[in-house]
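Okay, so here's the structure we're looking at.
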Amino acid sequence: MYEASIDPNEKSFEILAFEQIGNNVYSQGQTIEVNGCQQTIDFTNEQVSGQQPSIDLSTPKIFDVKFMVGNGTKVSSSEITNQYVDGKPLTVSGIISTPTQLTHAELRYITVGHNPINYGTVAMEVTPLPITNSTYIITGTIPSEVMQSPAVQYWIHVENQAGKRSDSYQYSIGVKPSYPITGKLELDVSQNRAAGTTARPTAYFTSDNSAFGTISLVVDGNTVYTSPPQLFGSGQTAVSLQWKTQPTDQLSNHQIQAIANLYNDKFTANASITTFSSVKTVSILQPIQIDVIADKNGHTIANPKVLYSSFKNDGSMIFQVTAPDGTCVIGGTKDCLVQSSTFGLPGQMKSITIGDHIYRVRYSGSDNPLERFSITSVDPIIGQWKVEIDSTTNLLQQAQAMGDVVLKIKYEAERTPFISQGN
C-alpha cells in the first residue's frame, strides 16, 4: 500500500504507476481530477496481458501532454477547448518514460496550413523525477512573436541514449489574427426525428478570411457536442455535429443552437427539432384508427409507414386484416388479397393496390408456428384498420388470443430539411 498527502486546495494531481515484469519496467501515467473524496483508478497495463504485437521497449514513451497560455491554467492538450493565443507565450509540458537516459527533447511547431517540414523548434527543459531514473518531466515555451495566425500546430520530439526517437500526437491552438473575424453561420438540420436516434446536423461557416476554432451544438441550453478545433478557410466550411436524442413516448420540441467559437468572437444559428416515438403499440381488440403524428399547429411530424403483428399459432387460427375501405387484405377467404404465405415470392412480399394506394405485404401463412405479417407503403398508412384472429374451432381461444396480440405501428419522420441563418 502506498499513501501520499494531498493539499485540500489541489484540483488535480499526477500519478505514475510502475510494474516490473522480468527485466522490463512498464509505466502508466494519468492526471487525476479531484471531484470527490474517493475514486477508483485502474492502472492495468493492457499491453502486457494477452497476445500483443511486438513493442520496442527501448523507445521513449510520451504521455500527459499539457499546454498553458501565458500564466494561465494547465490544460490537457487532448482536451477540446476554446483557448487561443493572443500576444502571450505557449508553454507545453509532458512526461517521458524511457529505459535509457533522455538525450534530447524539443518542442516543434508550425503555422497550421504550412508545409510540415518547415517546423520551428524550441529546446525543452528536462527534469528527472526523483521516484525513478527512467521518467522525466519536460517543459518548453514557444514565444508569442513566432506564432502566426490563424493557428499553430505543436508536438514533442524526444530521443534517448539508445538512439530511439518518439513524437507525440500533434495538437493545435488558435492564434488570434490582427484582422477582424467576419462571417455567418448556418445550420442544416431535419426538424423531425425519432426519439432515441442520433441527429447529425451540419453547420456551415462562411467567411472572407481564415480563422480557427470550434463549433458547439447546444440543445435546450445544454452543450451536447463540440467539434474538434479546426481551420476555417476563406469561403464556406462544413462541420458535422451530433446529438443523441433521448427516448420518449411524448411529442417533444427542442430548441437547438450552433455556436461557432472563433477566438473571442461567437457566431450563432438557431433552429428547432421535434422528437417523437417511432413505434406505437396498440391492442387489436378494437378497430384501430391510424393517423399521422402532428404538432399542435397541425403540421405533420411523422407518417405511419409500417404495420406489424404476430402471435403463436397452434394451427387452428388465422389473421384477418381489413383495410379502411373494407377490403380484406390478409385472410383465409377467397375475397382476401393475400391468403397464403408470401415467402416464396420475389422479395418475400406481394404488392397489392387498394384504390390509388399501393401496399407491400409480407405474410408467414397460417401454418407457421409464429404467424406474422407486415404491411408497408411509401405513402402514409392511415384510416381505421381492423386486425382480427379467426379460429375454426374455439371462439374462447380466439378471444384470448386477440387479448394478447398487439399491432405495432412504425412511424417515419416527415422530411423537412431546414437551414437556419444566424449572425
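The values are calculated or read from the model by the stated rules, or taken from the named source; none is laboratory data. Computed from a predicted model, the values in this text were never measured in an experiment. Because the Cβ atoms are built from the backbone with ideal geometry, glycine has one as well, and the counts that use them run over all protein chains shown.
Remarks
- No other residue among THR141, THR214 is part of a strand (DSSP E or B), touching a strand residue (DSSP E or B) at 6+ places or on another chain (Cβ under 8 Å), surrounded by fewer than 21 Cβ atoms within 10 Å (Cβ to Cβ) and assigned by TED's automatic domain parsing to the domain that holds THR248 apart from THR214.
- Check on LEU90, closer than 14 Å to GLY140 by Cα, at pLDDT 95 or above, in contact with a His (Cβ under 9 Å, 6 or more places away or on another chain) and surrounded by 19 or more Cβ atoms within 10 Å (Cβ to Cβ): no
- Counted residues, segment 116-148 - those being more than 29 Å from SER227 (Cβ to Cβ), of a type in the set (A, V, I, L, M) and in contact (Cβ under 8 Å) with a residue 40 or more places away in the chain: 4
- Checked against (1) free of Cβ contacts under 8 Å to residues at least 40 places away in the same chain; (2) touching a Pro at 6+ places or on another chain (Cβ under 9 Å); (3) of a type in the set (A, V, I, L, M), ALA151 meets all criteria but (1).
- Identity of the residue in segment 342-372, in a strand (DSSP E or B) and among the polar types (S, T, N, Q), that ends up nearest to the chain's Cα centre (by Cα): SER351
- With respect to (1) in contact with a Ser or Thr (Cβ under 6 Å, 6 or more places away or on another chain); (2) in contact (Cβ under 8 Å) with a residue 12 or more places away in the chain, the lone exception for THR223 is condition (2).
- Residue that is surrounded by the fewest Cβ atoms within 10 Å (Cβ to Cβ), among those in segment 75-87 that are within 14 Å of TYR263 (Cα to Cα) and within 30 Å of the chain's Cα centre (by Cα): ILE80
- Tally, over segment 372-421, of residues that are at pLDDT 95 or above, among the acidic types (Asp, Glu) and within 20 Å of MET317 (Cα to Cα): 0
- The numbered conditions (1) at positive phi; (2) without any contact (Cβ under 8 Å) to a residue 40 or more places away in the chain are all true for ALA238 except (1).
- Segment 59-74, subset among the hydrophobic types (A, V, I, L, M, F, W, C) and under 11 Å from VAL92 (Cα atoms), residue surrounded by the most Cβ atoms within 10 Å (Cβ to Cβ): PHE67
Rundown of residues vs (1) in contact (Cβ under 8 Å) with a residue 60 or more places away in the chain; (2) assigned to a strand (DSSP E or B); (3) farther than 30 Å from GLN230 by Cβ; (4) not β-branched (Val, Ile, Thr), yes/no style:
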site: GLN250; (1), (2), (3), (4): no, no, yes, yes
site: HIS254; (1), (2), (3), (4): no, yes, no, yes
site: SER272; (1), (2), (3), (4): yes, yes, no, yes
site: VAL282; (1), (2), (3), (4): yes, yes, yes, no
site: GLN286; (1), (2), (3), (4): no, no, yes, yes
site: GLN289; (1), (2), (3), (4): yes, yes, yes, yes
site: ASN297; (1), (2), (3), (4): no, no, yes, yes
site: ILE301; (1), (2), (3), (4): yes, yes, yes, no
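- Filter result for ASP56 (surrounded by 13 or more Cβ atoms within 10 Å (Cβ to Cβ) and either more than 19 Å from MET124 (Cα to Cα) or modelled with pLDDT under 95 (or both)): no
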